Structures are given as C-alpha cells and as structure tokens.
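**Student:** Here it is: the structure, laid out below.
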Amino acid sequence: SNQAALNKDLHRHPDPAVGIALQDALKSHSIRRSPLIHLLQGRTGFATYYPVLRADGSLVGIINGVFVLEDLVDSCLGEERLRTRFAFAVQTLTGEIAYSHQGGCFSEDTPPQAVHLPIRVVDKEWRLCLLPLAAVTQPLLLTGEGLLLLGGLILALALSLLMRAYLLRVAELHE
C-alpha cells in the first residue's frame, strides 16, 4: 500500500503542511508531526519526521513515519466491548474531526455525560471525546448481564433459605 509514496520528494508534497513539519523537524532536531493530510497512499492520516544525526550533529537522514488515522485508532481502540458501548471521536484543536466512531461526540447537542479529554499526538494537542451509548446508560436489570445477576441472587437466596431450614430441622431432630 506504500507504492504511491516510495521515492517521493517530501519537500514537494502536494500539502504544504508536510514541508513545514519537515523543516521544523530539521530545525529543532526533534520529532515533528504534520497536521491531518491526504496521504500519498490515498487515505487520511498524518506523518512524523525524526531527523537522524551523527555525533557531530550533521544530518544522516530523516525517519518518516506515516500513520493512517483509521488504522491507528482501530489498533488502539479495537476492543469490541468498547466499540459497542461507547461513541468516540478525535478532534484537532482547530475543530476538524479526525476520527469518529458512532458520531455525536462533538455536535452542538452533545449529551452532558460525554467526556472530553486532551490527548497529545507526538508534538500537537488533540481532543478525545467518549460518550456512553444507551446500552451502557440503561438500567443494569434491563441487560442480559443484569438478568443473569438477578437470577444468581435469587438462586443464592433460595439455597440459603433451604440450608437454614435444613439446619433447623437437624437441630430439632438432635434435640
């Protein structure tokens, strides 16, 4: 899937933000990240640039990491229970939705139970929004797990009453 990007000159990338991030990495001698861009591979994501320097400080080259946003989020938040119980979204500080699962996190009518957390992605801040879905906020007894819990409690209560009656009967017989 990287064929479209191989042997390309990053200084001539169609998105000028790539050149800016690359130059910033070269000047600062530290890792820098592009904003969200249309990747040469044809998807949306971001790139990181890390200058590799010799002991004398001269440049050897640059390590270029390319991250497809959907793949990155899917690998970090891949647990099925999380996906079925929560809506989540990642937003840049400029307000651009970088990724959204189940939607509704950054709309004007975002419910009050939504949680907004700052997250740092390499050298820039983003926001993560988590919103419990109806399956999480509904009463426990209306879920399959709640019904199993209720059944278990009833069974335990019945067994304890039978055991108490048995022990009382044994005590009567003993007397």
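The values are calculated or read from the model by the stated rules, or taken from the named source; none is laboratory data. Given the structure is predicted, the values throughout are model-derived calculations rather than measurements. Virtual Cβ from ideal backbone geometry, glycine too; neighbours counted across all protein chains shown. These accessible areas exclude ligands, DNA and RNA; they are computed on the full protein's heavy atoms, side chains included. Shrake-Rupley method; radii C 1.70, N 1.55, O 1.52, S 1.80 Å.
**Student:** Please arrange 20, 119, 97 by accessible surface area, largest first, computed with a 1.4 Å probe and ligands excluded.
**Tutor:** The ordering from most to least exposed comes out as 20, 97, 119.
**Student:** Gaussian network model of the chain, Cα springs within a sub-10 Å range: biggest mean-square fluctuation belongs to which of 72, 150, 53?
**Tutor:** Sorting by GNM fluctuation, first place goes to 150.
**Student:** Additional query: Tell me, what is the 1.4 Å probe accessible area of residue 110, in Å² to the nearest 10?
**Tutor:** 40 Å²
**Student:** Towards the positive end of the charge dipole of the chain, with charges on Cβ (+1 Lys, Arg; -1 Asp, Glu), say which of 160, 67, 99 has the farthest Cα.
**Tutor:** Positive-end residue among those listed: 67.
**Student:** Helix 144-174 sits at what angle to the longest principal axis of the chain, using alpha carbons and giving 0 to 90 degrees rounded to 10?
**Tutor:** Relative to the chain, helix 144-174 is tipped by roughly 30 degrees.
**Student:** What do you reckon, how do 75, 30 stack up by accessible area (1.4 Å probe), largest on top? The partial results should precede the final answer.
**Tutor:** Details: 75 90, 30 35 Å².
Of 75, 30, the descending order of accessible area is 75, 30.
**Student:** Quickly estimate the mean residue ellipticity at 222 nm for the chain, helices only: each DSSP H run with n ≥ 4 gives -39500 (n - 2.57), and the total goes over all residues, rounded to 500.
**Tutor:** Theoretical 222 nm ellipticity from helices: -11000 deg cm²/dmol.
**Student:** A further question follows. Where does each of 105, 76 land when they are ordered by accessible area, with a 1.4 Å probe and the largest first?
**Tutor:** Heavy-atom accessible area, descending, gives 76, 105.
**Student:** Another question, if that's okay. Calculate what fraction, in whole %, of the accessible area of the stretch 1-89 sits on carbon and sulfur atoms when a 1.4 Å probe is rolled over the protein chains.
**Tutor:** Values: 2910 of 5420 Å².
Percent of accessible area from carbon and sulfur atoms in the stretch 1-89: 54.
**Student:** Using only the alpha-carbon atoms, how far is helix 16-28 inclined from the longest principal axis of the chain? Give it as 0 to 90 degrees, nearest 10.
**Tutor:** Its long axis makes an angle of about 90 degrees.
**Student:** What whole-number value in Å² describes the accessible area per residue of the stretch 18-104 for a 1.4 Å probe?
**Tutor:** It amounts to 54 Å² per residue over the stretch 18-104.
**Student:** A follow-up question, please. With N set to the residue count of the stretch 12-127, report its C-alpha Rg divided by 2.2 N^0.38 Å to two decimal places.
**Tutor:** Details: Rg = 16.7 Å, N = 116, 2.2 N^0.38 = 13.4 Å.
Its radius of gyration relative to the 2.2 N^0.38 Å reference: 1.25.
**Student:** Quick query: amide H of residue 15 versus all other amide H atoms, modeled in the peptide plane; which residues come in under 5 Å with a sequence gap of 5 or more or a different chain?
**Tutor:** For residue 15, whose amide H was placed from the backbone, there are no distant partners under 5 Å.
**Student:** Oh, and also: Would you please give the residues with an amide H less than 5 Å from that of residue 133, counting only those at least 5 places away or on a separate chain, with H modeled from the backbone geometry?
**Tutor:** HN-HN under 5 Å from residue 133: 86, 87.
**Student:** Report the trypsin sites (Lys or Arg not before Pro) located in the stretch 50-118 that are in a DSSP loop and have at most 13 other Cβ atoms inside 10 Å of their Cβ, or state none. Each step should come with its number before you reach the end.
**Tutor:** Values: sites: 54, 81, 83, 85; in loops: 54.
Sites meeting the loop and neighbour criteria: 54.
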